[in-house]
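Q: I am attaching a structure below and will ask some questions about it afterwards.
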Amino acid sequence: MTLIETTALTKRYPAGVVALSDLTLAVQPGIVALVGANGAGKSTFIKIILGLLPATSGTVRVLGLDPAAEPDRVRSRVGYMPEHDCLPPEQSAAELVTHLARISGLPRTAARERASETLRHVGLYEERYRQIGGYSTGMKQRVKLAQAMVHDPDLLLLDEPTNGLDPAGRDAMLDLIHRIGTEFGISIVVCSHLLGEIERICTSLIAIDGGKLLRADTVAAMTTDRDVLLVEVDEGADTLVAALAERGVAARRDGHTVLVPAGADESTYDVILDAVVAAGLPLHRLDRQRRRLSELFTNNQAPEIKGSVLHV
Ligand SMILES: Nc1ncnc2c1ncn2[C@@H]1O[C@H](COP(=O)(O)OP(=O)(O)OP(=O)(O)O)[C@@H](O)[C@H]1O
């Protein structure tokens with residue numbers, strides 16, 4: 001099922017600011033990044049998805065439901081981890097998460113068990129009876145994640161989940177999110193502006209800017225340069241370039257690697273393998289060149305929008 005589907009979604013605040021403009025997209029299950037600079041419209045998008053804010057025009061469906069018409073049903077299937085610290089310092093993680101499990105409709109004992117289980121999943125089991133006020137930033141982030149998951153949602157919305165964490169804390173949080181997305185089968189939409197993190201854990205990406213869609217695609221499609229094959233040979237890169245030239249392929253050397261323009265069909269692979277064997281070289285790698293997401297968004301490249309409806 002499509003996770004989120006919008007058609008010409010537009011949000012104009014009373015003061016006249018257009019936070020979302022004609023946004024049309026279809027997000028498929030997976031770990032999806034929602035990226036954009038400050039003010040791009042991410043929070044507005046999330047508030048509309050949760051049914052907290054009405055759209056000005058256009059349609060939105062979350063797990064097939066209209067959040068404006070059925071906000072409770074949407075929230076029973078969606079978990080939300082806010083960016084900012086909003087936790088009661090005097091309560092323990094166990095108390096807070098149990099309380100939220102009860103609000104979601106579980107009886108007392110089941111809520112307590114479910115809260116313990118969720119806190120175990122996020123790595124807070126041992127510390128669950130301590131007051132949240134004494135927790136580190138990393139632990140507080142985990143409590144926020146636990147409260148978002150305690151009602152066993154189908155979709156998790158995570159707003160800047162690594163905010164304020166040190167490098168080790170970030171790594172641990174990213175591993176945890178990746179595990180939730182892959183092992184627990186919960187789809188995740190994660191707001192972030194850290195492209196390196198997105199590259200590590202996300203399957204697809206939606207980029208918005210000034211309320212408009214910049215690009216939506218799988219991370220693999222964005223980071224694979226379809227036009228260049230990368231051939232890695234320990235020694236003899238020059239020999240390989242010459243052998244390819246003999247076969248009518250204009251390659252160029254870049255250190256130990258040889259960059260080969262890829263043809264529309266797969267025949268270039270055969271030509272490269274033939275040249276490697278003929279030159280008697282040890283082949284270490286033959287792959288499409290991969291780009292970093294940051295290259296796509298810092299080079300001021302014209303954003304690529306593939307048609308009006310985008311499938312991620
Ligand atoms: N309640 C509001 N009233 C008027 N304008 C608003 C309101 N909320 C947001 N905006 C404006 O709408 C635009 C989009 O804001 P939004 O908070 O959705 O962006 P964002 O991408 O989440 O930014 P950030 O990363 O800073 O949280 C901004 O120009 C913002 O100033």
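The values are calculated or read from the model by the stated rules, or taken from the named source; none is laboratory data. Since the structure is predicted, the reported quantities are computational estimates derived from the model, not experimental observations. Cβ: placed from backbone, ideal geometry, glycine included. Neighbour counts: every protein chain shown.
Q: Could we say that Thr203 is surrounded by 18 or more Cβ atoms within 10 Å (Cβ to Cβ) and at pLDDT below 90 here?
A: On the way: surrounded by 18 or more Cβ atoms within 10 Å (Cβ to Cβ): yes; at pLDDT below 90: no.
Answer is no for this residue.
Q: Output the number of residues of segment 143-172 satisfying the condition of being modelled with pLDDT of 95 or more and of a type in the set (Lys, Arg).
A: 1
The rows are residues; the columns are (1) in contact with a Gly (Cβ under 9 Å, 6 or more places away or on another chain); (2) small (Gly, Ala, Ser).
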{"position": "Ser136", "(1), (2)": "yes, yes"}
{"position": "Leu155", "(1), (2)": "yes, no"}
{"position": "Ile180", "(1), (2)": "no, no"}
{"position": "Thr203", "(1), (2)": "yes, no"}
{"position": "Lys212", "(1), (2)": "yes, no"}
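Q: Any chance segment 93-109 includes a residue that's touching a Gly at 6+ places or on another chain (Cβ under 9 Å) and at pLDDT 95 or above? Write out each step before concluding.
A: Kept after step one, since they are touching a Gly at 6+ places or on another chain (Cβ under 9 Å), are these residues of segment 93-109: none.
The answer is no; no qualifying residue exists.
Q: If a residue must be touching a residue at least 60 places away in the same chain (Cβ under 8 Å) and more than 16 Å from the ligand (Cβ to nearest atom), how many such residues does segment 199-215 contain? Can you show your working first?
A: Kept after step one, since they are touching a residue at least 60 places away in the same chain (Cβ under 8 Å), are these residues of segment 199-215: 199, 201-215.
Now drop any that are not more than 16 Å from the ligand (Cβ to nearest atom), which leaves 199, 201-204.
Count: 5.
Q: Would you pick out the residues in segment 248-279 that are surrounded by 13 or more Cβ atoms within 10 Å (Cβ to Cβ) and in a helix (DSSP H, G or I)?
A: Thr268, Tyr269, Val271, Ile272, Leu273, Asp274, Ala275, Val276, Ala278, Ala279
Q: Tally the residues that are aliphatic (A, V, I, L, M) and over 13 Å from the mean Cα position of the chain (by Cα), restricting the search to segment 167-185.
A: Initial filter on segment 167-185 (aliphatic (A, V, I, L, M)): 168, 172-174, 176-177, 180.
Subset that is over 13 Å from the mean Cα position of the chain (by Cα): 168, 172-173, 176.
Residues meeting the conditions: 4.
Q: In segment 112-125, what count of residues is obtained for those that are in a loop (DSSP other than H, G, I, E, B) and touching a Leu at 6+ places or on another chain (Cβ under 9 Å)?
A: Start the filter on segment 112-125 by keeping residues that are in a loop (DSSP other than H, G, I, E, B), which leaves 122-125.
Cutting the leftovers down to touching a Leu at 6+ places or on another chain (Cβ under 9 Å) gives us 122-123, 125.
Total satisfying the criteria: 3.
Q: Could you pull out every one of the helices (runs of 4 or more DSSP H) wholly within segment 1-111 that has 2 or more residues that are more than 16 Å from the ligand (Cβ to nearest atom)?
A: Numbers: elements: 42-49, 71-77, 93-103.
Ranges flagged: 71-77, 93-103.
Q: With assigned by TED's automatic domain parsing to the domain that holds Tyr129 and either modelled with pLDDT of 95 or more or over 20 Å from Ile186 (Cα atoms) (or both) as the only criterion, which of Pro71, Pro54 stands out? Reasoning before the result, please.
A: Numbers: Pro71 fails: either modelled with pLDDT of 95 or more or over 20 Å from Ile186 (Cα atoms) (or both).
None of the others qualify; the one that does is Pro54.
Q: Mind checking which residues of segment 122-139 are under 15 Å from Leu100 (Cβ atoms) and out of contact with any strand residue (DSSP E or B) (no Cβ under 8 Å at 6 or more places or on another chain)?
A: Across segment 122-139, the qualifying residues are Val122, Leu124.
Q: What is the one condition in (1) surrounded by fewer than 20 Cβ atoms within 10 Å (Cβ to Cβ); (2) in contact with a strand residue (DSSP E or B) (Cβ under 8 Å, 6 or more places away or on another chain) that Asn38 does not satisfy?
A: Single failed check for Asn38: (2).
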